[in-house]
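Below is one structure, written out as structure tokens, with a few remarks after it.
Computed from the coordinates by the stated procedures, all read-outs in this text should not be read as laboratory data. Keep in mind the model is a prediction, meaning the values are calculated, not measured. Quick reminder, even Gly has a Cβ in these numbers, built from the backbone with ideal geometry, and neighbours come from all protein chains shown.
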Amino acid sequence: MTPLKIMLIAGEPSGDQLAAELVVALRAELERRFPGRPVEFFGAGGPKMAAAGVGLAIDLTEHSVIGLIEVLKNYFKFRRFFHQLLDLAEERRPDMVIGIDYGGFNLRFARALRERSRRWAESRCDSAGSRSAAAATNRLRLVQYVSPQVWASRAGRARTIAETHDLLLSIFPFEKDWYAARHPSLKVQFVGHPAVDRFKKDETGRPKAEGNQKQRVLLLPGSRTSELKRHLPVMLPAAVRLAKEGFELAMVLPSEGLQAMAKPMLAASGLALEVRIGGLAEELGQADLAIASTGTVTMECAFFGLPTVALYKTSWSTYQIGKRIVTVKYLAMPNILADEVVFPEFVQDDATPENIAEAALELLRNDRRRAAVKESLAQIIQSLGEPGAARRAAEAAADLLPA
């Protein structure tokens, strides 16, 4: 029996986790719909995808970068990866390709792959069969899981998605209406936010550990090398001030490589704090405040009802370009969803140790403000749907495959 072939591409640690969860759900859904038919998952991603049974041609998470200058510095490396994956798709001829977040790479890849795939259907046609029927059956299905933030900048990319993709799986409720108003031909399905499943209510609402009565501040500088280099130099002086005020401090990093990079910066600051690799949910459940980069982790803080000070710094050139094309008022997603400042956020030159420390102290000492933040976060999380995002995403993707 011919196997179903599913290619997935994720380029960042958060996408690696999303893809791994989707693979588990998709494998179960395909086994239900196509009993006895083998399914092959392959592509590019990270260790969580590999653990879920995806055959990785490239570990893209090892090369994650952010910002225009960083991308340009690595242009030839990513160009090589791009063509390596195109050749892999040409060789394996997947039935479906799913891009997981990572929009800058995945949208270009989808366009190039769509062009290459136009001749696949013809090559698969049986000489005795109907060419048009075979083409319809064998047509490559392209899916994007997590919309690029086209509603925040470069809205023209939405046209690319509409022209190349069969399905967009959205994790934020407002996105479906945004696309419907601009590109109604694109099928968009809101599946809910995957973190609803990761963080159960009993986990997010648990009391602090016995004997741990000091207010605890959690540092979350980011998951990329460039984020660590830019965020820790402002986070650590702010943390030193908080330590002098008697607050307990901890840091969570996603890898040993980032831990090794942070070690000399910590030593130079003179700050003694616990640095943990992984275990984010446990630490979020024990913290009273986070100081975090404005990325995905701000939503994870939101699920725990954790007041957070958000910051973002990038290269001068990237910032100059970004401030001219970004149309949203905020960078932290909880602020975008609420359309107001729930998490104080400091961007570029405003991201100073003094501003961060003052905002953190105000949240730590003002019980009324903390209660208001928690109430706003509860409303935001309620808007993100019920558990089962990966299952719903798998069902929607499977609907595209011919019976």
With Cα coordinates, the longest principal axis of the chain makes an angle with the long axis of helix 103-117, in degrees rounded to 10, of 0
Of the candidate values [x] 1.04; [y] 2.21; [z] 1.11, the one computed for Cα Rg over 2.2 N^0.38 Å from this structure is [x]
The residues Lys48, Lys244, Lys374, sorted from fewest to most surrounding Cβ atoms within 10 Å, come out as Lys244, Lys374, Lys48
Which residues qualify? For Arg276, with a placed amide H closer than 5 Å and at least 5 residues away or on another chain, they are Met251, Val252, Leu253
Dividing the mean separation of Cα pairs under 8 Å (6+ apart) by the residue count of the chain yields a relative contact order in percent of 16
Expressed in nanometres to one decimal, the distance between label points 7 Å along Cα→Cβ at Ile325 and Lys263 is 3.8
Filtered hits (aspartates and glutamates, Cα-Cα < 16 Å from Lys329, offset >= 8 within chain) -> Asp339, Glu340, Glu345, Asp350
Sorting Ala162, Gln259, Ala389 by the position of each Cα along the dipole of the chain (Lys, Arg +1; Asp, Glu -1; all at Cβ), the one nearest the positive end of that ordering is Ala162
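How far, in nm, would the chain grow between Ile277 and Arg365 when pulled straight, counting 0.36 nm per residue and subtracting the alpha carbon separation? Walk me through the numbers on the way to the answer.
Details: separation 88, 0.36 × 88 = 31.68 nm, distance 2.88 nm.
Full extension of this stretch gives 28.8 nm more.
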Expressed as a whole-number percentage, the relative contact order of the range 201-382 with C-alpha contacts under 8 angstrom and at least six residues apart is 24
Ranked from fewest to most other Cβ atoms within 10 Å of their own Cβ, Leu186, Leu289, Leu220 fall in the order Leu186, Leu289, Leu220
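Highest mean first, how do 383-393, 227-237 rank when packing is the count of other Cβ atoms within 10 Å averaged over residues?
For the peptides 383-393, 227-237, the packing ranking is 227-237, 383-393.
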Between the Cα axis of helix 389-398 and the main Cα principal axis of the chain, the angle (0 to 90°, nearest 10) is 10
Measuring from the longest principal axis of the C-alpha atoms of the chain, the long axis of helix 13-33 (C-alpha) lies at a number of degrees, nearest 10, equal to 40
Treating only Lys and Arg (+1) and Asp and Glu (-1) as charged, each at its beta carbon, one finds that the range 258-382 has a dipole about its Cα centre, in Debye to the nearest 20, of 220
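Quick one: which of 24-35, 3-14 comes out on top by average Cβ neighbours within 10 Å, and what's the full order, highest first? Walk me through the intermediate numbers first.
Numbers: 24-35: 16.0, 3-14: 23.8.
The most tightly packed comes first, giving 3-14, 24-35.
GluC sites (Glu not before Pro), restricted to the range 324-403: which are DSSP loop and have at most 13 other Cβ atoms within 10 Å? Walk me through the numbers before you get to the answer.
Details: sites: Glu340, Glu345, Glu354, Glu358, Glu362, Glu375, Glu395; in loops: Glu340.
Taking the range 324-403 and a limit of 13 other Cβ atoms within 10 Å, the loop GluC sites (Glu not before Pro) found are Glu340.
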Placing each pseudo-label 7 Å from Cα in the direction of the beta carbon, Arg27 and Gln215 end up separated by a distance in nanometres of 4.5
With 0.36 nm assigned to each residue of separation and the Cα-Cα distance removed, Glu256 to Arg241 gains 2.8 nm
